[in-house]
Amino acid sequence: QVQLVESGGGLVQPGGSLRLSCAASGSIDSIYAMAWYRQAPGKQRELVATITTVGGTNYADSVKGRFTISRDNAKNTVYLQINTLRPEDTADYYCNAKSMNLRSGVRRDYWGQGTQVTVSS
C-alpha cells in the first residue's frame, strides 16, 4: 500500500505561482513513477505531468513551460511548481503513484485526496 498526501493548493491571482507537494509513504519501493493529474469542474481528469524514479519527466502540452515536476527522494516527496497561473488552471489537483509488485508484476495506481487550486482575481 502507498499513501499520498497533497498540500499547497489555494486561491491565486492570474499570473501567480504555487507549489504543490505530495508526500508518499508506505510501500514506496514499489513506485516506478509519480504524476500529477487535475480535474476541472465538469471535466474529465487529465494528466498534467509525470516523473520517473530516475527523474525523467513528461508534460501535457497545455502546461509545458509553466509547470515543473520534481522529486526529493530523501523526503519521498514530489512537487509541482506552477507558474504564470491562468484561470483555466483552476481545478482539483491529484497526486498519483504508479507502483508495481516486483513478485507478481501487478501494477496499481494510488491517489491522493486532491488539493484545490483556484485562479481568480
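The values are calculated or read from the model by the stated rules, or taken from the named source; none is laboratory data. Since this is a predicted model, take the numbers as computed values, not measurements. A quick note on method: Cβ atoms are made from the backbone with ideal geometry, for glycine too, and the neighbour counts reach across all protein chains shown. We work out accessible area using only protein heavy atoms, side chains counted, and drop any ligands, DNA or RNA first. Shrake-Rupley method; radii C 1.70, N 1.55, O 1.52, S 1.80 Å.
Below are the figures for this structure:
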item	result
Residue check, E6 among the acidic types (D, E) and open to solvent by 30 Å² or more (accessible area, probe 1.4 Å)	no
Qualifying positions in region 100-121 - touching a Phe, Trp or Tyr at 6+ places or on another chain (Cβ under 8 Å), modelled with pLDDT of 95 or more and assigned to a strand (DSSP E or B)	W111, T115, Q116, V117
Enumeration of residues in region 41-76 that are in contact with a Phe, Trp or Tyr (Cβ under 9 Å, 6 or more places away or on another chain), more than 19 Å from A24 (Cβ to Cβ) and not basic (K, R)	E46, Y59, A60, G65, F67
Enumeration of residues in region 80-99 that are part of a strand (DSSP E or B), over 23 Å from G55 (Cβ atoms) and open to solvent by less than 20 Å² (accessible area, probe 1.4 Å)	A91
Enumeration of residues in region 33-56 that are farther than 20 Å from R107 by Cβ and open to solvent by 70 Å² or more (accessible area, probe 1.4 Å)	P41, G42, K43, Q44, E46
Region 1-32: number of residues that are part of a strand (DSSP E or B), more than 18 Å from S70 (Cα to Cα) and hydroxyl-bearing (S, T, Y)	0
Test result for D72, open to solvent by 20 Å² or more (accessible area, probe 1.4 Å), under 15 Å from the mean Cα position of the chain (by Cα) and modelled with pLDDT of 95 or more	no
Selected residue (only one of N76, N83 is in contact with a helix residue (DSSP H, G or I) (Cβ under 7 Å, 6 or more places away or on another chain), among the polar types (S, T, N, Q) and under 28 Å from G16 (Cβ atoms))	N76
Pair list, Cβ under 9 Å, 6 or more apart: region 20-32 residue under 19 Å from R107 (Cβ atoms) and free of Cβ contacts under 8 Å to residues at least 60 places away in the same chain, other residue surrounded by 15 or more Cβ atoms within 10 Å (Cβ to Cβ) and aromatic (F, W, Y)	G26/Y110
